[in-house]
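One structure is given here, and the rest of the page talks about it.
Bear in mind that the values in this text are calculations on the coordinates, not laboratory data. Worth saying up front: this structure is predicted, and the values here are computed from it rather than measured. Quick reminder, even Gly has a Cβ in these numbers, built from the backbone with ideal geometry, and neighbours come from all protein chains shown.
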């Protein structure tokens with residue numbers, strides 16, 4: 001079910017009498033981070049001698065503009081929106097979202113620097129599900145240079161696992177490299193509760209009750225019920241004395257002690273520190289957004 005708050009329209013009289021559409025942020029309760037593949041369109045990197053490349057990792061229908069062309073405030077590359085009716089629109093899937101989750105999607109948009117005048121450029125965001133109405137958005141007014149709007153939002157309820165999010169430019173025509181851009185696509189969710197396994201927690205319910213293991217267990221339970229609560233001898237005759245279990249625990253305890261007594265030339269902590277200069281050299285100068293595991297989670301280094 002769509003949870004985007006009704007849009008508030010703020011009409012500002014400009015020389016071109018354009019309307020600037022501001023959407024009210026929605027879904028503030030969605031706080032669990034969601035992985036958005038290549039949300040800043042950083043991969044692949046556009047070569048210095050080119051303005052764009054075709055294809056972006058994790059996306060379909062992508063045409064990626066260089067960071068210099070996109071001119072985003074944080075230096076990101078941009079992904080161009082597909083035209084309406086495109087056979088391969090700009091889209092990606094959110095891999096760690098399950099059916100029933102509520103999701104708040106966020107991103108930035110720009111009309112592209114190749115457009116010098118006119119109104120904001122309209123586009124649509126679509127997510128599968130009959131209850132998820134498409135989201136309609138309009139970029140900032142074109143000025144002949146990039147004009148980024150930071151912080152668009154669209155909220156929806158996932159109608160499938162790994163829901164697909166699609167961005168479509170509503171303009172009738174546009175040259176291949178002169179369509180609106182988006183970047184810094186991110187998301188948060190409120191995940192649905194985990195579905196309990198079918199059936200009860202008893203492994204001997206239903207058809208399993210007639211298996212030899214469950215039948216023996218049922219017979220033993222009946223015999224135990226006949227024993228007086230204070231009779232250790234009666235209980236031991238049915239359930240056993242636990243010798244096999246105790247022997248197993250003793251073996252594990254001995255194995256752990258033997259492992260701990262092995263002499264070592266260097267402590268694990270010191271060995272980890274020896275590897276830190278190598279990892280630091282390999283990652284020096286790499287922006288955090290290009291790293292799969294952020295530096296704050298690298299442990300010893």
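Taking the fewest neighbouring Cβ atoms within 10 Å as the starting point, the ordered list for 136, 155 is 136, 155.
The alpha carbon gyration tensor of the range 8-190 gives principal lengths a ≥ b ≥ c with a/c of 1.5 or higher and a/b no greater than b/c, which makes the shape oblate. Each part gets one Cα centre, and for the range 50-77 versus the range 116-167 those centres are 17 Å apart.
Here residue 247 and residue 195 are evaluated by their C-beta separation; at R0 = 45 Å the FRET efficiency comes out at 0.70. Taking the fewest neighbouring Cβ atoms within 10 Å as the starting point, the ordered list for 253, 190 is 253, 190. Here the residues 109, 261, ranked from fewest to most Cβ neighbours within 10 Å of their Cβ, fall in the order 261, 109.
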